[in-house]
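Asks: Below is one structure. I have some questions about it.
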Amino acid sequence: MVEESGSMGNTGGRRAKTYDIIKNARVAVGLDITRNHITVVVVDLKGEVILRTGVRHPFERTDEYYRFLGALVDQAVQKCGLAPDKVLGVGIGIPGLVTPDHQKVFYGKILNFTGATCEEFSTYINYPSSLFNDANAAGFAESWFSNRTKNFFYLMLSNNIGGSVVINGEVYNGDHLHSGEIGHLCIVPNGRKCYCGQRGCVDAYLAATELSSLTDGNIGNYFALLKSGNKEAKAVWEQYLQHLALAVNNLYMLFDCTVILGGYVGSYIEEYLPTVRSYAAELNTFENGDASYIEVCSYKTEAIAAGAALNYISAFIDSI
Ligand SMILES: [Zn+2]
């Protein structure tokens, strides 16, 4: 598990040797499953992503899809030149709610896969596997990489909205495992229809698709269009920011902690942070004129896949 990494000090006698962890003594694989895309990462014992790859492949609950998933995992392990016994497990991040044993999807409206099991996902995966809610996985990655041990709310602004409540560095799941589901908090009574069946939910206003629908679903292109000064893009952004400020202020009133903007939109929002803060500050009951509690995610891409894998790394380190 450890190797000599050099020497330190010079006190006249023999120099003290230093040791470091052999980073790829063990690794974990992480997957991020979305409607049209699969991301695969391999993470080492230091939590660093040593391989990342992605492929466009629409989700379907078929044997062919799961076979493809198994092949992707095998390819990733091979590309890293690792023996299979070095792989601790495969964490599968999904846009759904998962039972506490990480084996079954109990709410899966986004991909219409309620009831799907880890067994079915891992039919062709030759390693221990577990399912993880996407936002919770991303929140876990954020707390690992930024060394956050305190309380924060991770707001996942991707094609769907997710949230993760992290208390003292640990994800708080709630009594029925749907804590932090900010996507279904109503911000506009009788507003736009949400996929959940209700109206006016945060998801219907803050999903990244509200922006990327202007650019054929490509969020990077949307932000390029916005930067170019396009009027329509600016108008949509202005509305988006107003709704975002409202949602974020609600979170702050409820949890009184840092709110991290993550997901697809979070990875582009850094330069707009002063505007987001100024809008949210106007709504703040307690610290008038301040919204410095809003931060941007430090882990910009592959947070879900990495977080799903990190669960295996973390459990392994705890077991030593
Ligand atoms: Zn909803």
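Asks: Against the condition open to solvent by 10 Å² or more (accessible area, probe 1.4 Å), touching a strand residue (DSSP E or B) at 6+ places or on another chain (Cβ under 7 Å) and either within 14 Å of the ligand (Cβ to nearest atom) or within 15 Å of L97 (Cα to Cα) (or both), how does H184 come out, does it pass?
Replies: Yes; evaluated as a whole, the condition is true for this residue.
Asks: Looking only at the stretch 160-177, count every residue that is surrounded by 14 or more Cβ atoms within 10 Å (Cβ to Cβ) and either within 14 Å of the ligand (Cβ to nearest atom) or among the small types (G, A, S) (or both) and tell me the total.
Replies: Looking only at that region, the number is 6.
Asks: Would you mind listing the strands (runs of 3 or more DSSP E) fully within the stretch 30-144 where at least 1 residues are under 22 Å from Y195 (Cα atoms), touching a His at 6+ places or on another chain (Cβ under 9 Å) and open to solvent by 30 Å² or more (accessible area, probe 1.4 Å)?
Replies: In the stretch 30-144, 37-44, 105-107 are the strands (runs of 3 or more DSSP E) which contain 1 or more residues that are under 22 Å from Y195 (Cα atoms), touching a His at 6+ places or on another chain (Cβ under 9 Å) and open to solvent by 30 Å² or more (accessible area, probe 1.4 Å).
Asks: Would you check which residues across the stretch 215-271 are among the hydroxyl-bearing types (S, T, Y) and farther than 27 Å from I33 by Cβ and list them?
Replies: S228, Y252, T258
Asks: Next question. Assuming L273 fulfils every condition listed in (1) within 21 Å of the chain's Cα centre (by Cα); (2) part of a helix (DSSP H, G or I); (3) in contact (Cβ under 8 Å) with a residue 40 or more places away in the chain; (4) farther than 23 Å from H184 by Cα apart from one, which condition is it?
Replies: The single condition L273 does not satisfy is (3).
Asks: Oh, and also: Any idea which of I260, I304, I313 is closer than 24 Å to P95 by Cβ, in contact with a Lys or Arg (Cβ under 8 Å, 6 or more places away or on another chain) and surrounded by 13 or more Cβ atoms within 10 Å (Cβ to Cβ)?
Replies: Exactly one residue qualifies, and that residue is I313.
Asks: Out of the stretch 200-214, which residues are at negative phi and either open to solvent by less than 60 Å² (accessible area, probe 1.4 Å) or near the ligand (Cβ under 10 Å from one of its atoms) (or both)?
Replies: Within the stretch 200-214, C201, V202, D203, A204, Y205, L206, A207, A208, T209, L211, S212, L214 qualify.
Asks: In addition: Which one is farthest from the ligand (Cβ to nearest atom) among residues in the stretch 223-245 that are over 17 Å from L273 (Cα atoms) and surrounded by 18 or more Cβ atoms within 10 Å (Cβ to Cβ)?
Replies: Taking the candidates together, the pick is L225.
Asks: Another question about this same structure. Look through G197, G191, G263 and report the one residue that is at positive phi and within 16 Å of the ligand (Cβ to nearest atom).
Replies: One residue alone meets the criteria, G197.
The values are calculated or read from the model by the stated rules, or taken from the named source; none is laboratory data. Quick caveat: nothing in here was measured; it's all calculated off a predicted structure. Cβ coordinates were reconstructed from backbone atoms using ideal geometry, including for glycine residues, and neighbour counts include every protein chain displayed. Quick note on the areas: whole protein, heavy atoms, side chains included, nothing else; ligands and nucleic acids left out. Shrake-Rupley method; radii C 1.70, N 1.55, O 1.52, S 1.80 Å.
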